[in-house]
Amino acid sequence: MKKWITLFLAAIFAATPAMAEKTIKWKLAMTWPSTLTPLASPPAKLAQMVSDMTDGNFIIKVDGKEKHKAALGILDMVKGGQYEMGHSASYYWKGKNITTTIFTTVPFGMTAAEQAAWLYYGGGMELMQELYDTFDVYAFPGGNTGVQMGGWFRKEITSLDDLNGLKMRIPGLAGEVFARLGVNVTNIPAGELYTSLDRGTIDALEWVGPGMDIRMGFHKIAPYYYTGWHEPASDMQFLINKRQFDRLPKSYQAALKVAIKAVSADMYAENYADSATAWAKMKEEYPDIKVKSFPPEVLAKMKEETDNVLNAYAEQDPFFKKVLTSQRQFMDKARAWTTISEFYYLQTSAEVRK
Ligand code: CA
């Protein structure tokens, strides 16, 4: 009897791996060149993790910008099925649907912790999916940069007058805000930023933060480095072709979702460490960099125009209004907590460390 049970169990175990060993090969396109860490880190780590979790049966090949040559074509390629997955930032699809912008970040908006709380536990993911359903793709948070720096300027900004006529590269809603302050706004691709600044095509630009900025060399031309207001918590995104995802075995879907969440949290940590290291190095090696904050009158005007830009889109587009209202309501609640917890802790901690 015992022998029969053993044989029976052996037969079941022999059958199970055959089902699980379904080999699937996917391709992922990302907006960034493969070397542009930490932005390029989540896709590479995801591919490794998913392969490990499926005994090497679910293979995801990651293509950087240098391979597919369509940095801003990721959504189209995932929707069309040329790539099953993509990694990019939602605000690059502003031309397709304005509401995509506020799933990346909002000037004077939520911090990374607040935004993650809104996405995962405040209804944000459901709203994001409602939007991306119109493109037949699934969208998931794909890593956050935290607070980005306000950018590099050739000259110090002491008043609103100094912004008038200034030529600056600054994308997204923040670009619209600066345009309302008299700035000539352009959106130049990453590869041409240094040359544009060097030749005087632009007087100022923003990119990300110390880690990624210093490598670009902007400080050699524009030594005034401003603190951030415009991208307080820029979220990257993983996009997945819906039809392809729905066809996956359930265990592979689960592996993918787990890996997405893990590598997203990992990018925030990697970028934080990278920024802290670069900041310390910058202070030591480039003492000529002048770190500044915009004057209060400039910041007040930026906030006023940010509200004007957001309210104008909300009036034109009911779905934008729905998402913006959800974000604003959640931020009011979350910010009260952030203030009494993180903010007061940082203040208290700074006082005792003096
Ligand atoms: Ca930026």
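Per-structure values
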{"item": "Mean separation of Cα contacts under 8 Å, 6 or more apart, over the residue count of the range 21-139: relative contact order %", "result": "24"}
{"item": "1.4 Å probe accessible area per residue over the range 217-306, in Å²", "result": "47"}
{"item": "Spin-label model distance (nm) - residue 192 vs residue 253, 7 Å beyond Cα toward Cβ", "result": "4.3"}
{"item": "Solvent-accessible surface (1.4 angstrom probe) belonging to residue 323, in square angstrom, nearest 10", "result": "0"}
{"item": "Exposure ranking of 219, 87 by accessible area [1.4 Å probe, largest first]", "result": "219, 87"}
{"item": "Given charges at beta-carbon only (K, R positive; D, E negative), |dipole| of the chain in Debye", "result": "1020"}
{"item": "With all protein chains modelled, accessible area of residue 346 [1.4 Å, Å²]", "result": "110"}
{"item": "Cα coordinate range in the chain, projected on the principal axes (Å, largest first)", "result": "90, 49, 45"}
{"item": "Estimated FRET transfer efficiency (residue 315, residue 180; beta-carbon r; R0 22 Å; 0.05)", "result": "0.85"}
{"item": "Relative contact order (percent, whole number), the range 80-230, Cα cutoff 8 Å, 6+ residue spacing", "result": "27"}
{"item": "Difference of contour (0.36 nm per residue) and Cα-Cα distance, residue 344 to residue 303", "result": "12.5 nm"}
{"item": "Exposure ranking of 104, 158 by accessible area [1.4 Å probe, largest first]", "result": "158, 104"}
{"item": "The chain, relative contact order in percent, only Cα pairs under 8 angstrom and at least six apart counted", "result": "22"}
{"item": "Cleavage-rule hits (trypsin sites (Lys or Arg not before Pro)) in the range 53-101: DSSP loop, at most 10 neighbouring Cβ within 10 angstrom", "result": "69"}
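The values are calculated or read from the model by the stated rules, or taken from the named source; none is laboratory data. Source: prediction; values computed, not measured. Every residue, glycine among them, receives a Cβ derived from its backbone with ideal geometry; neighbour counts consider all protein chains shown. These area figures cover heavy atoms from the full protein model, side chains too; ligands, DNA and RNA do not enter into them. Shrake-Rupley method; radii C 1.70, N 1.55, O 1.52, S 1.80 Å.
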